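Every read-out reported here was derived from the displayed coordinates using simple, explicitly stated rules and does not represent laboratory data. This structure is a prediction, so every number in the text was calculated from the model and none was measured. Glycine also receives a Cβ, built like all others from the backbone with ideal geometry; neighbour counts cover every protein chain displayed.
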Amino acid sequence: MDWNDPYRDIIRKATVQPELFLVGLVSGRLIGSAMGGYDGHRGSVYYLAVDPDFHNRGYGRSLLNEVENRLLAMGCPKINIMVRRSNTQVRDFYTSVGYGDNEVLSLGKRLIPDC
């Protein structure tokens with residue numbers, strides 16, 4: 001299974017819609033991030049993550065809400081989020097904030113190897 005190199009992805013994101021790359025700070029400490037994208041048809045959210053020491057405090061919801069608001073301001077009509085089926089904790093989070101299983105299969109093809 002191909003995994004992404006998040007450091008390379010951050011560098012790539014800095015060149016495409018950097019306004020959709022957010023970080024969460026608490027007292028200057030990096031505690032979360034979210035990366036969004038919009039292709040004119042749908043929006044996406046990637047790398048939404050919060051340091052486990054800061055879970056269940058609303059930071060993930062805040063980051064997601066900000067990405068959603070920025071996508072909406074760009075005219076984005078819908079958002080799709082890919083989550084590994086085995087990641088039940090993350091699936092439960094997205095379900096709790098209104099996302100549902102669209103029962104579609106996501107296919108992928110790597111064009112540039114990261115590893």
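Structure values in brief
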| read-out | value |
| --- | --- |
| Filtered residues of the range 62-115 (kept if farther than 26 Å from residue 7 by Cβ, surrounded by 15 or more Cβ atoms within 10 Å (Cβ to Cβ) and of a type outside the set (A, V, I, L, M, F, W, C)) | 99 |
| Qualifying residue in the range 91-102 (condition: under 16 Å from the mean Cα position of the chain (by Cα) and under 23 Å from residue 12 (Cβ atoms)) | no |
| First in the range 84-104 and aromatic (Phe, Trp, Tyr), second anywhere and surrounded by 11 or more Cβ atoms within 10 Å (Cβ to Cβ) and part of a loop (DSSP other than H, G, I, E, B), Cβ under 7 Å, 6 or more apart | 94/81; 94/83; 99/81 |
| Helices (runs of 4 or more DSSP H) completely within the range 1-100 that count 1 or more residues being over 23 Å from residue 111 (Cα atoms) | 59-73, 88-96 |
